[in-house]
Amino acid sequence: MNTEQSEQLFAQSLKKIPGGVNSPVRAFRAVGRNPLFIKNAKGCQITDVDGNSYIDYVCSWGPGILGHAHPAVTEAAVRACREGMTFGAPTEKELILAEMLCEAVPSMDKVRLVNSGTEAVMSAVRAARGYTGRDYIIKFQGNYHGHSDGLLVRAGSGALTTAAPDSSGVPEGIIKYTLVADYNREESVKELMEQYEGKIAAVLVEPVAANMGVVPPEDGFLPFLRSITEQYGAVLIFDEVITGFRLGYGGAQEYFGVTPDMTVLGKIIGGGMPLAAYGGKKEIMDLVSPAGSVYQAGTLSGNPVATAAGIETLKQLKAHPEYYQQIGEAAEKIAETLRQTAKEKKYPLWVNQIGSLLCAFHTENPVRDFESAFRSDTKAYARYFNRMLEGGVYLAPSQFEAMFVSVAHTPEIVEQTCQVIRELKEECFTNA
Ligand SMILES: *Cc1c(COP(=O)(O)O)cnc(C)c1O
């Protein structure tokens, strides 16, 4: 595998961009190599600057549910570009997208469009605090909610494999309002709720944890969060930046039948453009400026190009409900092949899969919370990652990320992927 051009671009990037990348998860440090620079992509294939093509299971970390350069989405974005890229004034597209989001997501009476998941979560938390008049929030260990100060506490994703688990530069005075509970552990939430009675503004959760690998909620966990937040008068916020429009058109809340008070969306809803959203109950969202006293603004929010790509993406998903079954089955086949291969060869591996999200944890123990996820052998993951890459399969360069399946992953492509898995050798699994 020749990666000369990528190596050269990375060496130059290191001189001008911190760590050579614009988001830490793009670095390949955790898998012991330098990142590949991508030239272009089509469907499920991405091609690097040296001309190597791979089957892509990162899908831009979630947005690419329809595959890269989807013709209708691309066309919608290009058309919008020609009509002017930003006006700083309202457009009909914002209304259309807002209506689509509110129609699809059970908890959304009203919605505000923003530019990134980070911004959306940060704003949702502010609205919840404004609504309750309380300061504390509860989040879960290993759940990631973007990089705003107050949420970089026991975060997942890139923060799990970088040198510092959290971040310097975050004042203690801000962090003190962020309480951390254990995902899938009801008792840990109960204790905090009792201890801080009357002070908790919100409980913020990834309904399926997908930034510590993939860890689905156990039976009863989400209904428990629903009832305890009601009991203590706290706002329940689902961070559906990954699960929204991925587990189904109505996201995790539709899939599990649990309706939060507020929901955060991102990734898929921008169709590959920077776009995110937060919304929920009318009485909470009516507090957001200029309707109410919770300030939040954005020069490029509801950008016409981004909304055009988002609307077209949602239209495609809505017109093809069968897509969800298709990508779910594809993910299931990959998960089964990983399990079978590991079992036949007596390699330690635990695979979680739900819908089109999956993760192969390099451990033999069941992974049901942060602690068990964290027991994975990251060195074995690095060897597995490199072997898959050499076999033409591009995975996330970290144990603690999801594998994303898109509509463009046809049964033939999935079978090709499974063949690479079946040929994996012992060194990809054991602690050598
Ligand atoms: C990606 C992600 C975010 C942050 O979104 P950005 O657009 O990267 O700021 C927030 N929450 C979850 C669950 C995510 O996966």
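Pick from Ala277, Ala11, Ala306: which residue has the top mean-square fluctuation in a GNM of the chain where Cα pairs under 10 Å get a spring?
Its mean-square fluctuation being the largest, the pick is Ala11.
Calculate the dipole size of the stretch 71-319 relative to its Cα centre from +1 charges on Lys and Arg beta carbons and -1 charges on Asp and Glu beta carbons; express the result in debye to the nearest 20.
480 debye
Calculate the spin-label point distance for Glu99 paired with Ala11, positioning each point 7 Å from the Cα along the beta-carbon direction, and give it in nanometres.
A separation of 5.6 nm, rounded to one decimal place.
For Lys282 and Val78, calculate 0.36 nm times their separation in residues minus their Cα-Cα distance, and state this gained length in nm to one decimal.
Result: 70.0 nm gained on full extension.
Could you tell me which of Ala128, Thr263, Val114 has its Cα farthest along the dipole of the stretch 71-319 towards the positive end, charges placed at Cβ (Lys, Arg +1; Asp, Glu -1), taken about the Cα centre?
Ranked along the dipole, the leading option is Val114.
Dipole size in debye (nearest 20) for the chain around its Cα centre, Lys and Arg Cβ +1, Asp and Glu Cβ -1?
In total the dipole reaches around 780 debye.
Which of the lysines could be linked to Lys345 by a straight reach, that is with a Cα gap under 25 Å, when you skip same-chain ones fewer than 8 residues away?
List returned: Lys333, Lys379, Lys425.
For the chain, what's the relative contact order in percent, using C-alpha pairs closer than 8 Å and at least 6 residues apart?
Relative contact order here is 22 percent.
Pick out, in residue order, every one of the chymotrypsin sites (Phe, Trp or Tyr not before Pro) in the stretch 54-89 that is DSSP loop and has at most 13 other C-beta atoms within 10 Å; say none if there are none.
Phe87
Determine the principal axes of the Cα atoms in the stretch 71-319, then give the extent along each, sorted from largest to smallest and rounded to whole angstroms.
Rounded to whole Å, the extents work out to 55, 39, 36 Å.
Among the helices of the chain (complete DSSP H runs), which have Cα atoms covering no less than 20 Å along the helix axis and a Kyte-Doolittle mean of at least -1.0?
117-132, 304-319
Any chance you could run the full-extension gain for Glu191 through Glu364? It's 0.36 nm times the residue separation minus the Cα-Cα distance, nm to one decimal.
59.2 nm
Are there GluC sites (Glu not before Pro) in the stretch 83-192 that DSSP marks as loop and that have at most 14 other Cβ atoms within 10 Å, and which are they?
Glu83
Would you list, by chain and number, the aspartates and glutamates whose Cα falls below 19 Å from the Cα of Lys39, excluding same-chain residues fewer than 8 positions away?
Glu4, Glu7, Asp48, Asp50, Asp56, Glu390
In debye to the nearest 20, how big a dipole does the stretch 153-276 give about its Cα centre with +1 on each Lys and Arg Cβ and -1 on each Asp and Glu Cβ?
With only Lys, Arg, Asp and Glu charged at Cβ, the dipole is about 380 debye.
Of all DSSP beta bridges in the chain, what percent run antiparallel (nearest 5)?
Here the share of antiparallel DSSP bridges comes out near 60 percent.
Calculated from DSSP H runs of 4 or more alone, at -39500 (n - 2.57) each and per residue, what is the 222 nm mean residue ellipticity of the chain, nearest 500?
Calculated at 222 nm, the ellipticity per residue is -11500 deg cm²/dmol.
Non-local amide H neighbours of Val235 (under 5 Å, H modeled in plane, Pro and chain starts lacking H): which ones?
Amide H neighbours of Val235: Ala202, Val203.
Picking from Gln12, Gln141, Gln296, which is most flexible by a Gaussian network model of the chain using Cα springs under 10 Å?
Gln12
Using +1 at the Cβ of each Lys and Arg and -1 at the Cβ of each Asp and Glu in the stretch 71-319, identify which of Gln231, Ala201, Leu151 lies farthest towards the dipole's positive end.
Result: Leu151.
Calculate the translational D of the chain in whole µm² s⁻¹ from Stokes-Einstein, where the hydrodynamic radius comes from the Kirkwood formula applied to all Cα pairs, the temperature is 10 °C and the viscosity 1.306 mPa s.
72 µm²/s
Using the structure shown, list the pairs from Lys176/Lys281; Lys281/Lys318; Lys176/Lys267; Lys110/Lys315; Lys93/Lys315; Lys93/Lys267 with a Cα-Cα distance above 21 Å, or answer none.
Lys176/Lys281; Lys281/Lys318; Lys176/Lys267
Out of Ser107, Ser167, Ser116, any idea which swings most in a Gaussian network model of the chain, alpha carbons joined below 10 Å?
Result for the chain, Cα springs under 10 Å: Ser167 fluctuates most.
Throughout, read-outs are computed from the coordinates displayed, never taken from laboratory work. Everything numeric here is computed off the predicted structure, so don't read it as measured data. Neighbour counts run over all protein chains shown; Cβ positions are idealised from the backbone, glycine included.
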